1. Return P(r) of segment B:44-132 (all Cα-Cα pairs; 5 Å bins starting at 0; whole %; ordered from short to long distances).
2. For segment B:435-442, in order, what is each residue's ³J(HN,Hα) by Karplus, 6.51 cos²θ - 1.76 cosθ + 1.60 with θ = phi - 60°, in whole Hz (x at glycine and Pro)?
3. I'd like the antiparallel share, as a percent to the nearest 5, of DSSP beta bridges with both residues in the protein assembly as shown.
4. Semi-axes, largest first, in whole Å: what does sqrt of 5 times each Cα gyration tensor eigenvalue give for chain A?
5. Calculate the tail of P(r) for segment B:367-407: the fraction of all Cα-Cα distances greater than 17 Å, expressed in %.
6. Rounded to the nearest 5, what % of DSSP beta bridges with both residues in segment B:175-389 are antiparallel?
7. Would you please state the base-10 log of I(q)/I(0) at q = 0.09 1/Å for segment A:81-211, with intensities from the Debye formula using one equal scatterer on every alpha carbon?
8. Students often forget the sequence filter, so: which aspartates and glutamates lie under 12 Å Cα-Cα from B:K196 once same-chain residues fewer than 8 apart are removed?
Amino acid sequence: MSADRSFTLDGRRVPFQDGQTIMAAALAAGVYIPHLCFNPEFAPHGSCRVCLVKVNGRVQAACTTPAAVGQAVQNETGELREIRRGILQMLFVEGNHVCPACEKSGACQLQAVAYYVGMLAPHYTHFYPRRPVDASHPEAVIDFNRCILCELCVRASRDVDGKNIFAVQGRGIQAHLVVNTPSGKLGATDFSVTDKAAQVCPTGAILTKHRGYEIPIGQRLYDRKPISVVGDVATLAESKGGRRHE
Amino acid sequence: MAESDLPAQTVCEIVQRHGGTPTRLLQILRDVQDHLTWLSPETLDRVAEELHISPAKVRGVAEFYSFLYTAPRGSYDLLFSDNITDRMLGNRELLHYLCERLGVEVGKTRVDGVVTVGTTSCTGMCDQGPAALVNGYALTRLDKPRLNRIAELVNGQIPLAQWPCEFFEVISNIRRADILLGRHFADGSALRAVLKRGPEAILEEMVKSGLRGQGGAGFKSAAKWISCRNAPGEVKYVVCNADEGEPGTFKDRVLMQDFADLVFEGMTLCGRVIGARQGFVYLRGEYRYLLPSLQAHLQRRREVGLLGKAILGDPTFGFDIDIHLGAGAYVCGEESALIESLEGKHGVPRIRPPFPTTHGYLNQPTVVNNVETFAAAAKIAVEGGAWFASRGTAESKGTKLLSLSGDCERPGIYEYPFGVTVRRVLEDCGALDAQGIQMAGPAGHMISARQFDRRICFEDLATGGSFMVFSHRRDILDGVRNFAHFFVHESCGFCTPCRVGTSLLRDLVTKMHTGHGTRYDLEEMRKLGRIMQVACHCGLGQTAPNPVLDSLEQFPEAWERRLRSTAFEPAFDLDAALEQARQLTGRSDPDAYLREEELILGAMP
């Protein structure tokens, strides 16, 4: 009986369908679980670890854990908030995220999730890695300093655009995003700003050229309401301040 | 043929020899590198072209494995094993000694392209170190006379085949044998048993035996086999995890060297029980020296009807075994990462569920067991489950092979019934002055003398077999720092808390170890460690903070000794920041350093 197929999320009953993950069921029920590498249009990846929830007392990623009858899932707890904040801080010190100067500031999922979990400073020691900026493409620019290795562009380009332009290479802390050409330059690819891969980045790593800083401070996507209310920038239409082309 | 076409010809031949199969990518890249010493961008593109796969995928694999080189490398590639046990035996001094003799810097290829000297994670020769690899082949018992000779051989560009064979001698050092190592096993007897009694009867014996995964995780082996046997799917696989990467462990190396037939028999038995016709051994790259003898064992088994299309003359019993070599990636010891690697990909652990017993190699039902588990299974098929279960404790049946190394008189392999106390093991191996033990490797637990009455079994101290002894002469934090570096090097980089957390932890440990830390830093390590334990995607990241957290609890005095009295010290280290200026000006005199202690501590990486 479908009415019985439910679990509890912070005490609230959430129904689910067979094959749904905790994240998918929560999303359908309108409950926000913070996330970065998850995008409902793609198969879950499970790498950023921001969506950690406690399932029957055990910490697991909501985006990859199948929902099951009777699960007791905790989402908004002090403990989880602290873990998530720690993970956000790791992402901030791993790359070079200069929010005040960034075009995405205010409409950046990374920044918005960081605020949502109460991160006010990066806390850890910055790695200050040397990473290049690739402005070789006439319409788009890649700032590798802002990449958080969520692989959404990799997945979008491969699975939706059929172009397979991006890949992650290297091991451990050396892991990095690459452009799949001998020169490693985006300009040498058939990348287009209308590609799905151009719309999914949760940070300002992939940006459209020739426009920027158009929306004044105070009116940007996450300036007045948190991401839990507004939704992900990648899933919102352009007319609503998001990145999805109509 | 133009000379520039030679690499292309080599690549083409090697790809063809591997049947042009993309799942053989890692094996292909290994073979190509053997011929060309490194994998240039052109070479990798050529491999991609021949295999009809994307160049990015090939480059991704090449960049993932430590033993694959995407930058020029010397024709002689020397890698010193850098486990803490090698350090106890003085490997750092030897490393610098050899570099000086050869006129080469650590990690850099000599200008003439002849030699590169670097370090690598534990090569599994802890009982006969200091150890190293030359072009992937194990060197043992290094000392200065031996290194003098090696320097001459390298400078004379003498082929490895003409090097003295005692340099490559690997001894087994079996110090204590019980039911696994001590009793004779007749080849084919387990296979005759399964043909005579049927798979169900063998599974019953397996259940009765209580055998658990000997890699250390301790999952019930019978449950794994039954799950795989019952899983839907026409094609199933048996995989032997011989990627023995946990620093301080070498018992699988000894099993593969001295008991290969027992292991192969266990795999073949499993094949019959679950209905698989193909098995793989995933052998860690460090053990490539074993490959010829293992291939010879397999060939002999085919010739006597213990492997192949009709085993023991039964046309319904077909099973064969293929050996894949790893290429320096500890994470591939995790079973789903191992399967990815077996499929020719970079070794990132999969999302689980689904588990390999239903979705394993090529998404087909697969049993992945440790070397020792297969060896035990073969014996159980012959001697019975009750016989095996008569040894051990309530929850841990049978015996366990321990790899003893570090500060003890008799390092080597010790087989004990489960439940043996740490104290008994220490007495047997002649470790009379033990301060602490790193049990089950860096991913396991560090225990102090207060806990030497604990028992080695799944109920108490679970282990895959690593047992490294630290005497009172040692600084526990040398070990902790060595392990922190190990995890940075071995993190696959997939998930945030492991990719970033291992580096953050290493930096905090280094800050403490060099006397710059405060109580605040101790608390920072605790908090970070707790996040990693619960947040990481796989066991590697979840266990990476164990040495730090355990030593904080077991050896607080080792940390306290180094504390600054201040409440807070900045992470910014002025002296370290001056390093670039020192290098530019070529200064290495004491006046170029802010403090004398930096000179001494600066020698550590």
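1. Result returned by the calculation: 3, 14, 19, 16, 16, 13, 9, 6, 4, 0.
2. Karplus values, whole Hz, x for Gly and Pro: 8, x, 10, 9, 8, 6, x, x.
3. Values: 46 of 80 bridges.
Restricted to the protein assembly as shown, the bridges split so that about 60 percent are antiparallel.
4. On the way: eigenvalues 189, 78, 67 Å².
So the equivalent ellipsoid measures 31, 20, 18 Å along its semi-axes.
5. Numbers: 329 of 820 pairs.
The proportion of pairs with Cα distances above 17 Å equals 40 percent.
6. Values: 2 of 19 bridges.
Roughly 10 percent of the beta bridges in segment B:175-389 run antiparallel, per DSSP.
7. Values, matching the q order: -0.26.
8. Within reach: B:D314.
Readers should treat all values here as calculations from the given coordinates under stated rules, not as data from a laboratory. All values reported here derive from a predicted model rather than from experimental measurement. FYI the Cβ positions are ideal-geometry reconstructions off the backbone, even for glycines, and counts take in every protein chain you see.
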